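Novice: Handing you this structure, nothing more for now.
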Amino acid sequence: MLTRRQFSQLLIGSPLLASCGFGREASAAPVSAAQDMGAALSQSRDLLIKGGTVIDPSQNLHALLDVAVKDGKILQIAPDIPADGSRSVISAKGKIVTPGLIDVHVHIFEGVGPTGVNVDQYCLGRGVTTAVDAGSAGYFSIAGFRQYVIKPSATRVYAMVDIGARGTLMGLVGNYSNLDWVNPQLTARAAEANKPDVVAIKARLSKEITGANDLEVLKRAVEAAEISHLPLMVHVGDSYSPLPDILKQLRKGDVLTHCFTGRPHGPLDANGKILPEMLDCRERGVLFDVGDGGPHLSLDVAEKCLQQNFLPDTIGTDLGGLSYNGPVYDLVTELSKFLLLGMSVDQVIERVTLRPTRMFNFGVELGTLRPGAVADVTILEVREGSFVFSDSTGKKRTGRQKLQSVAAIRAGKTYINRSDDV
């Protein structure tokens, strides 16, 4: 496993990067004093990504365009930008260039509890420039998560504070059984103290975690979210209470994750139809995240929901120690599952670029290649062939396409892809 220090050395210009077909192709050219300022800017670039198909839902773009980067920001996006004057040039011919991918649901408190993985290896190294930890830390450990994960990571990291004091540090079973450890005031105080890195409150409502306490836990989580003026992400699937009882408590801007679970109390009725309460939630502004995680995605359930035009708002992976080695693997594999189910490349890219920025307040302009925005960029390719994907039931399906990450640019620095094929 790579250390963060080793990973941070995999920058553009390294032998590994050059061996993947990326490297420095042009050196900086002096700019004449006679040139006007606009021309000077156009010929003074740190990085130029040439010839790729840019897909940027924030600007309704799907076209062959070049992307220029300077000082960690997007400088220009246009066809046929000259390579002269660019310190480094990446050829993206035949590939897709997108805003940096955002995974809104991961567990990355590495070395603490059973679920955390190294964020730089499994996120930035696989095309994800921004990752949101979904409640690995509770109120007593969120400051440590901020100190030892958020600050030193090359990946851009945010966090949710779990309504349970322990988060997932001690494992999942019975985490909320003692309501003395479910304190909305202390949770809200910790969230406030650790903003802007904290972007939401998290509650897990499966019965192995809550016992019979799920509605009381939800009530306290909503209270913490209201005090801290943050959205709430709620984990469902095999809850003690029926899903409609949970859904009616959710507010505009709150997030239901594991929205395509095949476990009891899922999104479908006995006839395979979307519950009316799910539709009511969407109508009033509740958002829906995939949150596969291994146990929480049924491809059959997802297919039935998509057939009824109920698409997810975001495609978070719930990547962690129990799923990084399958069936999740990484975000691009998760996106590929939804290509298999009939969503388009543009639709899946939108759900990991633009839409996460509508879910959480990141405090910086992400999910776009608009000039002036932070230069977080992902380069992907679509591989054709025969690829097998699995879900939480062990059911396998074979798809014709798989997205593969090639490189990720995080605030202007380029990292090579580290992912493997499924």
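Novice: Could you grab me the full set of residues in region 219-236 that are closer than 18 Å to residue 177 by Cβ and surrounded by fewer than 24 Cβ atoms within 10 Å (Cβ to Cβ)?
Specialist: Matches in region 219-236: 219, 220.
Novice: Looking at 203, 190, which is the one that is open to solvent by less than 60 Å² (accessible area, probe 1.4 Å), under 24 Å from residue 363 (Cβ atoms) and assigned to a helix (DSSP H, G or I)? Can you show your working first?
Specialist: Details: 203 fails: assigned to a helix (DSSP H, G or I).
The conditions single out 190.
Novice: Pairs under 7 Å by beta carbon, first residue closer than 20 Å to residue 293 by Cβ in region 247-269, partner open to solvent by 60 Å² or more (accessible area, probe 1.4 Å) and assigned to a loop (DSSP other than H, G, I, E, B), six or more apart or different chains?
Specialist: If the second residue must be open to solvent by 60 Å² or more (accessible area, probe 1.4 Å) and assigned to a loop (DSSP other than H, G, I, E, B), the pairs left are 262/393.
Novice: So which residues in region 162-183 are closer than 23 Å to residue 243 by Cβ, open to solvent by 10 Å² or more (accessible area, probe 1.4 Å) and not in a loop (DSSP other than H, G, I, E, B), if there are any at all?
Specialist: Across region 162-183, the qualifying residue is only 179.
Novice: Kindly indicate which of 306, 311, 380 is more than 26 Å from residue 115 (Cα to Cα) and in a loop (DSSP other than H, G, I, E, B).
Specialist: 311
Novice: Select from region 264-286 the residues that are outside any loop (DSSP other than H, G, I, E, B) and touching a helix residue (DSSP H, G or I) at 6+ places or on another chain (Cβ under 9 Å) and write down the one among them that is nearest to residue 360 (Cα to Cα).
Specialist: 281
Novice: Could you grab me the full set of residues in region 242-258 that are outside any loop (DSSP other than H, G, I, E, B) and either within 19 Å of residue 181 (Cβ to Cβ) or open to solvent by 20 Å² or more (accessible area, probe 1.4 Å) (or both)?
Specialist: Across region 242-258, the qualifying residues are 244, 245.
Novice: While we're looking at this one, here's another question. Among (1) of a type outside the set (Lys, Arg); (2) surrounded by fewer than 17 Cβ atoms within 10 Å (Cβ to Cβ); (3) part of a strand (DSSP E or B), which single condition is residue 82 missing?
Specialist: If we test residue 82 against (1) of a type outside the set (Lys, Arg); (2) surrounded by fewer than 17 Cβ atoms within 10 Å (Cβ to Cβ); (3) part of a strand (DSSP E or B), just (3) comes out false.
Novice: If only one of 173, 132 is out of contact with any Phe, Trp or Tyr (no Cβ under 6 Å at 6 or more places or on another chain) and among the aliphatic types (A, V, I, L, M), which one is it?
Specialist: The unique qualifying residue is 173.
Novice: Now for a separate question. Select from region 383-417 the residues that are part of a strand (DSSP E or B) and either touching a His at 6+ places or on another chain (Cβ under 8 Å) or among the acidic types (Asp, Glu) (or both) and list them in ascending order.
Specialist: The one that is part of a strand (DSSP E or B) and either touching a His at 6+ places or on another chain (Cβ under 8 Å) or among the acidic types (Asp, Glu) (or both): 384.
Novice: Within the set of pairs 6 or more residues apart or between chains, which connect a residue that is within 13 Å of residue 98 (Cβ to Cβ) and open to solvent by less than 10 Å² (accessible area, probe 1.4 Å) inside region 356-379 to a residue that is among the polar types (S, T, N, Q) and part of a helix (DSSP H, G or I) with Cβ atoms less than 8 Å apart?
Specialist: 367/58; 367/357; 368/58; 368/59; 368/357; 369/58; 369/59
Novice: Further question on the same structure: Among the residues of region 39-51, are any open to solvent by less than 50 Å² (accessible area, probe 1.4 Å), at pLDDT below 95 and within 30 Å of residue 291 (Cβ to Cβ)?
Specialist: no
Novice: Going through 336, 298, 323, 239 one at a time, which residue ends up being in contact with a strand residue (DSSP E or B) (Cβ under 8 Å, 6 or more places away or on another chain) and open to solvent by less than 50 Å² (accessible area, probe 1.4 Å)? Reasoning before the result, please.
Specialist: On the way: 298 fails: in contact with a strand residue (DSSP E or B) (Cβ under 8 Å, 6 or more places away or on another chain); 323 fails: in contact with a strand residue (DSSP E or B) (Cβ under 8 Å, 6 or more places away or on another chain); 239 fails: in contact with a strand residue (DSSP E or B) (Cβ under 8 Å, 6 or more places away or on another chain).
Exactly one of 336, 298, 323, 239 is in contact with a strand residue (DSSP E or B) (Cβ under 8 Å, 6 or more places away or on another chain) and open to solvent by less than 50 Å² (accessible area, probe 1.4 Å), namely 336.
Novice: Evaluate the following for residue 216: is it out of contact with any helix residue (DSSP H, G or I) (no Cβ under 9 Å at 6 or more places or on another chain) and either part of a strand (DSSP E or B) or more than 25 Å from residue 103 (Cα to Cα) (or both)?
Specialist: No, not satisfied.
Novice: For region 52-79, name all the residues that are open to solvent by 40 Å² or more (accessible area, probe 1.4 Å) and within 19 Å of residue 415 (Cβ to Cβ).
Specialist: Across region 52-79, the qualifying residues are 70, 71, 73.
Novice: Could you tell me which residue of region 89-130 is nearest to residue 159 (Cα to Cα), considering only residues that are open to solvent by 10 Å² or more (accessible area, probe 1.4 Å) and in a strand (DSSP E or B)?
Specialist: Among those residues, the one meeting the criterion is 96.
Novice: Listed residues 152, 184; which is farther than 21 Å from residue 278 by Cβ, out of contact with any strand residue (DSSP E or B) (no Cβ under 8 Å at 6 or more places or on another chain) and in contact (Cβ under 8 Å) with a residue 60 or more places away in the chain?
Specialist: Details: 184 fails: in contact (Cβ under 8 Å) with a residue 60 or more places away in the chain.
Going through 152, 184 in turn, the sole match is 152.
The values are calculated or read from the model by the stated rules, or taken from the named source; none is laboratory data. Just so it is clear, the model here is predicted, and its values are computed rather than measured. Quick reminder, even Gly has a Cβ in these numbers, built from the backbone with ideal geometry, and neighbours come from all protein chains shown. Accessible surface areas use protein heavy atoms only, side chains included; no ligands, DNA or RNA. Shrake-Rupley method; radii C 1.70, N 1.55, O 1.52, S 1.80 Å.
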